[in-house]
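The values are calculated or read from the model by the stated rules, or taken from the named source; none is laboratory data. Quantities reported herein were computed from a predicted structural model and do not represent experimental measurements. Every residue, glycine as well, gets a Cβ built from its backbone with ideal geometry; the counts of neighbours run over all protein chains shown. Side chains are part of the model used for accessible areas, which takes the heavy atoms of the whole protein and leaves out ligands, DNA and RNA. Shrake-Rupley method; radii C 1.70, N 1.55, O 1.52, S 1.80 Å.
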Amino acid sequence: MRIAILGAGHVGATAAYALMLRALVDEIVLIDRDLALARAEAADLSDANALARPARIWAGDYGDAASADIAILTAGAATHGTESRLSVAARSARIVEDCVDALMSEGFSGILLIAANPVDVMSFVAHRRSGFAAARVIGTGTLLDSSRLRQVIGERLDIAPTAIDALVLGEHGDSELAAFSTIRIGGMTLDGYAASAGVSPDKAEIAALVRTAGYDIIAGKGYTSFGIATAIVGICEAVLRDERAVLPVSTMLTGQYGLAGLYMSLPCLIGQNGIERVLTPDLNADEEAALAASAGVIRTALDMLADDRPKPTAPSTARISSQPA
């Protein structure tokens with residue numbers, strides 16, 4: 001099996017490293033306009049791979065990506081400081097379109113996994129540009145946010161994050177919804193478990209910590225990489241191993257909660273064909289309203305993009321680079 005990673009920056013290189021350590025595929029090809037960067041990252045990864053399980057890792061081109069089972073698109077415009085993910089939508093859209101055009105011109109027919117920000121908007125752009133069925137174009141969405149939610153709740157309740165079933169839905173961004181009413185710990189609601197443990201977690205504080213986690217990391221190191229790379233690997237595993245796992249990822253809505261025609265995160269059943277089914281958790285009225293508001297934010301961002309840019313006749317020479325999650 002082969003995975004192609006489009007964008008050899010922080011996220012792309014870290015995703016390649018995580019994939020290598022999990023021994024998930026036989027081949028990993030890094031593609032970047034900065035060929036020297038892609039070659040250097042591939043060489044460094046190959047050195048590490050000599051101490052791990054055998055895999056072929058190299059810097060290639062879109063022709064190498066054509067036969068990949070999954071193409072991971074990490075390329076996009078970088079955010080800086082407190083700059084929101086949505087603020088770079090126009091710049092990222094041009095990069096994503098160029099990458100998808102080049103990929104499709106080589107006959108790619110696998111699964112497209114989008115990790116470029118703003119991921120919900122970029123997933124929509126990639127879906128439209130590729131012509132693929134929505135099931136085959138998956139955004140990393142709020143999988144990382146949901147992990148952050150479990151982590152913060154685990155710290156507050158002194159329990160392992162893996163023991164917590166929790167979801168962040170909607171936009172991967174400032175309008176995301178921490179769906180507290182759906183949280184379960186050993187079959188108990190969050191409120192029920194917290195009461196039995198004699199604690200009273202501040203839900204507003206928890207939601208804010210989850211929402212701003214990416215900004216906090218960027219403020220300290222300039223980018224995020226490990227969390228989003230691990231989320232990427234989790235989605236790849238679900239597809240390549242046909243796990244039929246349920247993960248909160250960005251997908252095309254077709255009427256769920258009265259919403260349609262845009263990408264945003266809901267829990268999805270994922271297997272070898274991509275997204276097999278989109279699930280609709282029972283939300284309370286306030287959460288449904290917040291989800292609708294989040295969809296409105298994404299819709300506004302989509303409306304701001306120029307939808308009538310002509311498709312280029314040749315792959316663009318735009319520099320591609322990864323950006324924070």
*Candidate set: the stretch 23-56, residues that are part of a strand (DSSP E or B) and β-branched (Val, Ile, Thr); chosen: the one farthest from Met1 (Cα to Cα)*: Ile31
_Among the residues that make up the stretch 218-235, is at least one of them touching a strand residue (DSSP E or B) at 6+ places or on another chain (Cβ under 6 Å) and either open to solvent by 30 Å² or more (accessible area, probe 1.4 Å) or over 17 Å from Ile111 (Cβ atoms) (or both)?_
no
*Does Ala295 qualify as being buried (at least 17 other Cβ atoms within 10 Å of the Cβ), more than 16 Å from Leu112 (Cα to Cα) and out of contact with any helix residue (DSSP H, G or I) (no Cβ under 7 Å at 6 or more places or on another chain)?*
yes
*Restricting attention to the stretch 147-174, and to residues there that are in contact (Cβ under 8 Å) with a residue 40 or more places away in the chain and over 24 Å from Val88 (Cα atoms), which single residue is most open to solvent (accessible area, probe 1.4 Å)?*
Arg156
_Please go through the stretch 197-211 and give me each residue that is at pLDDT below 95 and either among the basic types (Lys, Arg) or part of a helix (DSSP H, G or I) (or both), ordered by number._
Ala197
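Residue by residue, here is whether (1) modelled with pLDDT of 95 or more; (2) of a type in the set (Val, Ile, Thr); (3) open to solvent by less than 10 Å² (accessible area, probe 1.4 Å) holds:
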{"position": "Leu51", "(1), (2), (3)": "no, no, no"}
{"position": "Thr82", "(1), (2), (3)": "no, yes, no"}
{"position": "Val88", "(1), (2), (3)": "no, yes, yes"}
{"position": "Ser92", "(1), (2), (3)": "no, no, yes"}
{"position": "Ala102", "(1), (2), (3)": "yes, no, yes"}
{"position": "Thr140", "(1), (2), (3)": "yes, yes, yes"}
{"position": "Asp145", "(1), (2), (3)": "yes, no, yes"}
